[in-house]
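Peer 1: Mind having a look at this structure? Questions to follow.
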Amino acid sequence: MAALPWLKFFPGDWQRDAALRSCSVAARGLWLEMLMIMHQAEPYGHLVVNGKAIQPAVLARMVGASAKEVRHWLSKLEAAGVFDREGNVIVSRRMVRDERIRRSRADGGKLGGNPALKVIPKDDNKVNHRDRKVNPQKSDVRDQRSETEKGVYRDEHDDWRKDMSGPSSFEQAARLGNGAAANT
């Protein structure tokens, strides 16, 4: 696996971890350096280089501390239960769990993800697609032509166009010479 360019890190979880907080600042700094190494490792979350466990003397050289200091800090971290061991390999439980979840989600994504959200590719040569579900609801629009185009009237009073085609009440009042209606 190629190393991910990012590390999933939650500062709140780091600060709330009572086991980790019980260790010295120097031990926590070593743990952070170890997390960075485990992020690049294969398998993910294991303190290994080229598949071999990193010994305290090698780790000391990698982080720029003495072997004595590194052994002391490792003993404090292990006593607090900050990490696990698989044989002689130091393992981050959280990184291993997060990687397992990441891989299962990636595998699920390769299968197409949520089938309800799957986009059906459009085939321009087909008018009706067999694999698409038909909406059982019918539209309220039966025909796009207007009632006058279809020649359908309910009765004379329902046709508003007929009322609008004649002169307006203002025009009728002006024709009759009713000045009061014309001035309003």
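Peer 1: Jot down the per residue volume, in cubic angstrom and as a whole number, of the convex hull over the alpha-carbon atoms of segment 11-105.
Peer 2: Numbers: hull volume 9.4 nm³, N = 95.
Measuring per residue, one finds 99 Å³ for the Cα hull of segment 11-105.
Peer 1: While we're looking at this one, here's another question. Give the residue list of trypsin sites (Lys or Arg not before Pro) in segment 1-71 that are DSSP loop and have at most 15 other beta-carbon atoms within 10 angstrom. Provide the component values of the computation, followed by the final result.
Peer 2: Details: sites: 8, 16, 21, 28, 52, 61, 68, 71; in loops: 8.
Here the trypsin sites (Lys or Arg not before Pro) that fit, given the DSSP loop and packing criteria, are 8.
Peer 1: From the C-alpha gyration tensor of segment 17-60, pull out the three semi-axes of the equivalent ellipsoid (sqrt of 5λ each), sorted largest to smallest, in whole Å. Walk me through the intermediate numbers first.
Peer 2: Details: eigenvalues 90, 29, 11 Å².
Value: 21, 12, 7 Å, ordered largest first.
Peer 1: Still on this model: For residue 18 and residue 50, what does the FRET efficiency come to when R0 = 45 Å and r is the distance between their Cβ atoms, rounded to the nearest 0.05? Intermediate values should be presented prior to the final figure.
Peer 2: Numbers: r = 35 Å, r/R0 = 0.77.
Plugging the Cβ-Cβ distance into 1/(1 + (r/R0)^6) gives 0.85.
Peer 1: Taking a label point 7 Å from the Cα of residue 98 along the Cα→Cβ vector, which residues of segment 44-66 have an amide N closer than 16 Å to it?
Peer 2: Residues passing the 16 Å test: 44-47.
Peer 1: Which net charge results when you count Lys and Arg as +1 and Asp and Glu as -1 among the other residues whose beta-carbon is under 13 Å from that of residue 17?
Peer 2: Residues near residue 17 contribute +4 overall.
Computed from the coordinates by the stated procedures, all read-outs in this text should not be read as laboratory data. What you are looking at is a predicted structure, and each value in this text was computed from that prediction instead of being measured. Methodologically, a virtual Cβ is constructed for each residue, glycine included, from the backbone with ideal geometry; neighbour enumeration extends over all protein chains shown.
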